[in-house]
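Student: Here you go, one structure.
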Amino acid sequence: MCEQIVLSLDMSTTCTGWALFKEKELIDYGKITPNKSDEWQDRLQEITFEIKSVVEHYNPTKIVAEDVPLKRSGGMKTLVMLGAVQGALLAICGTYDIEYQLVPVATWRRKVELFDGTEKGKERSVLKQHSIELANKLFDLSLVYKSPTSKFNDDDISDAVLVGYSTFLKDKRLGKKIDI
């Protein structure tokens with residue numbers, strides 16, 4: 001039986017984080033930041049090309065990605081864009097005959113115990129900061145968190161790392177506090 005190589009992704013049209021696991025060991029990670037075209041379709045093409053490059057370099061046996069949330073919190077345009085991103089990913093998986101798994105955001109966050117049990121802990125900015133802190137702690141990384149709105153935050157990478165890591169974990173109870 002060949003060893004499992006998992007590519008995990010936190011995808012969007014502005015920045016896509018990726019992480020690569022060989023068996024359960026994190027072996028590489030990074031982010032794809034397309035040129036700042038005004039057209040999201042152009043950015044998606046660039047991201048798709050870069051993901052294909054990662055796939056061709058590492059030959060993953062499985063790709064795991066955050067599923068598109070079925071709610072309109074970001075508006076219909078956001079749902080359309082994320083649906084297109086997911087469609088591009090599924091096309092890559094089909095082209096290279098790679099198994100895939102789509103993981104709801106609440107599922108991977110629960111498995112890695114990202115939620116701290118507080119009302120404030122549900123806020124997106126707090127979850128992003130905790131994501132970076134937890135990935136750094138679990139994998140001895142130096143991912144950056146500057147401020148809630150900083151474009152220099154490495155939350156796309158940390159989310160990709162934790163999405164992949166969550167696939168190796170059993171389900172855990174909701175609301176359990178973590179020590180970061």
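Student: Which members of segment 130-140 meet the condition of being surrounded by fewer than 19 Cβ atoms within 10 Å (Cβ to Cβ) and free of Cβ contacts under 8 Å to residues at least 40 places away in the same chain?
Tutor: Within segment 130-140, 136, 138, 140 meet the criteria.
Student: If a residue must be free of Cβ contacts under 8 Å to residues at least 60 places away in the same chain and in contact with a helix residue (DSSP H, G or I) (Cβ under 9 Å, 6 or more places away or on another chain), how many such residues does segment 113-129 contain?
Tutor: Going through segment 113-129 one residue at a time, the tally reaches 7.
Student: Report whether or not residue 135 is closer than 25 Å to residue 13 by Cα and touching a Gly at 6+ places or on another chain (Cβ under 8 Å).
Tutor: Taking the combined requirement at face value, the residue does not satisfy it.
Student: Residues that are within 11 Å of the chain's Cα centre (by Cα) and crowded, with 19+ Cβ neighbours inside 10 Å, at least 2 per element: which strands (runs of 3 or more DSSP E) completely within segment 1-72 meet that?
Tutor: 5-10, 16-22, 62-66
Student: On to the next question. When residues of segment 92-121 are filtered for being part of a helix (DSSP H, G or I), open to solvent by 50 Å² or more (accessible area, probe 1.4 Å) and more than 20 Å from residue 157 (Cα to Cα), how many remain?
Tutor: Qualifying residue count, segment 92-121: 4.
Student: If you check every pair at least six apart or on different chains, which have Cβ atoms under 8 Å apart with a residue in segment 92-112 that is closer than 18 Å to residue 165 by Cα first and a residue that is among the aromatic types (Phe, Trp, Tyr) second?
Tutor: 109/115; 112/165
Student: May I ask you to verify whether residue 89 is at pLDDT 95 or above, under 30 Å from residue 142 (Cβ atoms) and open to solvent by less than 50 Å² (accessible area, probe 1.4 Å)?
Tutor: yes
Student: Of the conditions (1) open to solvent by 40 Å² or more (accessible area, probe 1.4 Å); (2) part of a helix (DSSP H, G or I), residue 84 satisfies every one except a single condition; which number is it?
Tutor: (1)
Student: Here's a follow-up. Tell me whether segment 145-158 contains one or more residues that are at pLDDT 95 or above, open to solvent by less than 30 Å² (accessible area, probe 1.4 Å), assigned to a helix (DSSP H, G or I) and not acidic (Asp, Glu).
Tutor: Yes: one or more hits.
The values are calculated or read from the model by the stated rules, or taken from the named source; none is laboratory data. This one's a predicted model, so the numbers in the text were calculated from it and none came from an experiment. When we count neighbours, we look across all protein chains shown, and the Cβ atoms used for this are built from the backbone with ideal geometry, even at glycine. Just the protein is used for accessible areas: all its heavy atoms, side chains included, with ligands, DNA and RNA removed. Shrake-Rupley method; radii C 1.70, N 1.55, O 1.52, S 1.80 Å.
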